[in-house]
Amino acid sequence: MLFEPAAFPAVGATEANPKEIVMKKLITLMSLVAFSGAALAFHCPGDMKKIDAALDAKPMLSAEKMSEVKKLRADGEVLHKAGKHQESVDTLAKAMKILGI
């Protein structure tokens, strides 16, 4: 036979190149990491506003708890400005838990 079917794979059919698959997965992972950092960066200011609003409402907290919330709020802002967004979110979450929000 002049043209063997096996010599002409179906249009669009390609064999998977292991290096190409690894590169695609790596690029996808790096993109997810980059976008998750940006999402956390936008999350911090929202949490700080929630804490500020709760503090403006004068919650019934002991002086010790109030001091702790204010410290956590300040630490969260410092971490946010330093680009440590996950640490900032975690710190602000502790303050929000004390405030019950």
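Cross-link reach is defined here as a Cα-Cα straight distance under 26 Å, omitting same-chain residues fewer than 8 places apart; for residue 84 the lysines meeting it are 25, 49, 50, 65, 70, 71, 94, 97.
Between residue 97 and residue 43, how high is the FRET efficiency from 1/(1 + (r/R0)^6) when r is the Cβ-Cβ distance and R₀ = 22 Å? Nearest 0.05.
Step by step, r from the Cβ atoms, then E = 0.90.
Relative protection proxy for 87-99, 67-79, 49-61, from highest mean packing down: 87-99, 67-79, 49-61 (other beta-carbon atoms within 10 angstrom).
In plain terms, the residue of 30, 48 with the fewest other Cβ atoms within 10 Å comes first and the most crowded comes last, giving 30, 48.
Since every read-out is calculated from the coordinates, none of them should be taken as a lab result. Note that the structure is predicted; figures quoted are calculated from it, not measured. Neighbour counts are summed over all protein chains in view; Cβ atoms, including those assigned to glycine, are modelled from backbone coordinates with ideal geometry.
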